[in-house]
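> The structure is given below, and queries will be raised subsequently.
Rule-based calculations on the coordinates, nothing more; no lab input. Small disclaimer: the values here were computed from a predicted structure and weren't measured. As a convention, Cβ positions derive from the backbone with ideal geometry for all residues, glycine included, and neighbour counts pool all protein chains shown.
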Amino acid sequence: MKNLGACHDGPSPLSAGAGAIIEGTVIRVLRRLGIRTAGVILAVMATACGSIGTGQDSPPWGGEATRYFDELAMAYVANDYYGVLDFYSIDAFQERWRGDVRGGALVRDLLRWNSGDLGHEVIDIHLGPEGALTLIRWETAGGLSVVLSTFEDGLITGETLYDHSAWLDAGLRATPDVVSSYKALYQGYAEVWTDGNADDLGSVYSGQATLRELLIGEGAQGLNDIFEASASTGRFDGIDLTQTVNTIEVNGPAIFLGPADYGVDPARAVAIYQVTDRNGCVRQTAVAWQVVEGQIVEETRYEEVESFSRCRSEGLPDGWWTGLGLPLPSDQVVTGVVRSEGGYEVTVHNGTPRLEELLLTALDRFDRAGLAEPRFDAVTFEPSRRCEERSGRLLQDADSRELFLCLFESDLCPGTQNCETPPLNVRISVLHELAHAWILDHVGVEAQDRLLQATERESWQDESVPWSERGVEYAAEVIAWGLLEESLPMVRIGRPSCEELTSSFKLLTSTDPLRAAGDCVN
């Protein structure tokens, strides 16, 4: 098969109450919580929005993102593996400081390793020019976290997980001095931005700090520019968040610490504040910090959807969230097209160069054995709902034939294995599924009956018969065995002898296995 120009750069599984959360958000949370309010403490703050943004016809803003994250959370709660993966790019990575996954992992692998503890509920959604910041509550543990997400082409490409400092402190997962230093920074930041005193800026910012990616207005570089920006902002007030962790009530300021080794200064944090602007409108703002030696060197701001919309009556901004729709099922993402030597065009879903190479190499084994190429119209790699509980499958209807190879690229090099050659189990799975396509066109009823008689099997493909006893699965395993570069005992079909495997391969293909007759393992 020849590559016809792949397009691999295309779109390729969190609520305890929050004290002083804005009115609109609290209403949304209460609706969502329904009867699930055990251990939840909601402290509702009064909002005074003056004359700005109070009209009933205030334009909606960020509704697409709100629906997006709500639907994602519901997929997590339902433990819907493929439903969750629909929202992520194929190589999306999450940085974490939680459980056994330190440092992070690909989202798809994180879901496979932690399929039962990722359910969460969304409290607040904050939007920034290049991504979103969501405040969530974990269903199992009950603690609060913040997830910072980046987007491309309507899919999440990366996440960074920040845990509530009070939760870390209560769980002894951060040293007291680290937690206290960030609490002090949280308080100092609110005082600096509220008082507007230029002399105090140096207590929280480094001399060349950058205030970047503001949703409204320009950024700032250096203390002088940051001071000028603070003059038009308004009053910053800290928020206390209350939650129940392991039946113990935990309370602390809304400061969240980023991924790091346990007990080490994470150097990243997210803080959430109540901001009263110059017109008296109260909204909620989140800030993401890069911190060096206790001072902020870089800051990015995110505005909470409902309160920001209410506080701005003028034209609200468009951005990456505008027109953001719920994602299509991930196995509908076309990443390339390949053409077979026989002239068949094959559409590739969720492919990568390495996965396509895996497919091409397997097809070449048929050619080396002098066999016609297996015929199919499309191939789909993980993630795909067709793959649930399977290593692969072939589906055919009146018009097309689709091959599903239930592999991620990371399966080609698991753990510390040698990555030059994909693992043997991967290669035999691919050959097995290709063999099914070949069998459909080249193994007739007479050959099927002869194979069943020779191997003392009763059914060719009756699904009520155990998998290893079906003639069609035995045949696919035999063909895969005969095309491998190396031999192995075929344990999935009862470990038949080398003589039986060789005889069955010849019966099916009218040719010898690719390996020498003596190269066989019983």
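> Based only on the alpha carbon positions, what is the Kirkwood hydrodynamic radius of region 293-445, in angstrom? Mind dumping the intermediate values first?
Working: mean 1/r = 0.0530 Å⁻¹.
Taking every pair of different Cα atoms in region 293-445, averaging 1/r and inverting gives 18.9 Å.
> Please express the shape of region 404-522 as an equivalent ellipsoid: the semi-axes are the square roots of 5 times the eigenvalues of the C-alpha gyration tensor, given largest first in whole angstrom. Write out the running numbers ahead of the final one.
Details: eigenvalues 124, 57, 33 Å².
The three semi-axes for region 404-522 are 25, 17, 13 Å.
> Now a separate question. Report Rg(Cα)/(2.2 N^0.38 Å) for region 374-454, keeping two decimals. Don't jump to the answer; show the numbers that get you there.
Numbers: Rg = 15.0 Å, N = 81, 2.2 N^0.38 = 11.7 Å.
The value comes to 1.29.
> Where does the charge balance sit around H432 when Lys and Arg score +1, Asp and Glu -1, over other residues with C-beta under 14 Å from its C-beta?
Working: positive: R365, R390, R393, R427, R470, R492; negative: E433, E473, E477.
Combined, the nearby Lys, Arg, Asp and Glu give +3.
> Looking at the square roots a ≥ b ≥ c of the eigenvalues of the Cα gyration tensor of region 222-274, which shape do they give, rounded for a/c under 1.5, prolate if a/b is larger than b/c, or oblate? Could you put the intermediate results ahead of the total?
Working: a/c = 5.39, a/b = 1.59, b/c = 3.39.
Note, shape of region 222-274 comes out oblate.
> Something else now. Quick check: net charge around E458, other residues with Cβ under 13 Å of its Cβ, Lys/Arg +1 and Asp/Glu -1? Mind dumping the intermediate values first?
Values: positive: R457, R470; negative: D449, E456, D462, E469.
Net charge in that neighbourhood comes out at -2.
> Something else now. Over the Cα atoms of region 203-333, how large are the radius of gyration and the largest Cα-Cα distance (Dmax), in Å?
17.6, 52
> Summing Lys, Arg as +1 and Asp, Glu as -1, what charge do residues with Cβ under 11 Å from the Cβ of V472 carry, V472 excluded? Don't jump to the answer; show the numbers that get you there.
Numbers: positive: R457, R470; negative: D462, E463, E469, E473, E477.
Charge balance in the 11 Å sphere: -3.
> Using the Karplus equation 6.51 cos²θ - 1.76 cosθ + 1.60 (θ = phi - 60°), what ³J(HN,Hα) coupling, rounded to whole Hz, does each residue of region 373-383 give in order, writing x for Gly and Pro?
Couplings: 5, x, 9, 7, 9, 8, 10, 10, 9, 4, x Hz.
> GluC sites (Glu not before Pro) within region 422-471: which are DSSP loop residues with at most 13 other Cβ atoms inside 10 Å? Walk me through the numbers before you get to the answer.
Values: sites: E433, E446, E456, E458, E463, E469; in loops: E456, E458, E463.
When the GluC sites (Glu not before Pro) of region 422-471 are filtered for loop state and at most 13 Cβ neighbours within 10 Å, E456, E458, E463 remain.
> Next question, about the same structure. Would you pull out the residues with amide H under 5 Å of R268's amide H, same chain only if 5 or more places away, H placed 1.01 Å from N?
Close amide H contacts, sequence-distant or interchain: G258, V291.
> I would also like to ask the following. Got the relative contact order for region 130-178 handy, in percent, Cα pairs under 8 Å and 6 or more residues apart? All intermediate terms of the calculation are to be shown ahead of the outcome.
On the way: 64 pairs, mean separation 13.0, N = 49.
Once divided by the residue count of region 130-178, the mean separation gives 26 percent.
> What are the ³J(HN,Hα) couplings of region 463-480, residue after residue, when phi is run through the Karplus curve with 6.51, -1.76, 1.60 and θ = phi - 60°? Round to Hz, x for glycine and proline.
6, 7, 8, x, 3, 5, 9, 7, x, 5, 6, 4, 4, 5, 5, 5, 5, 4
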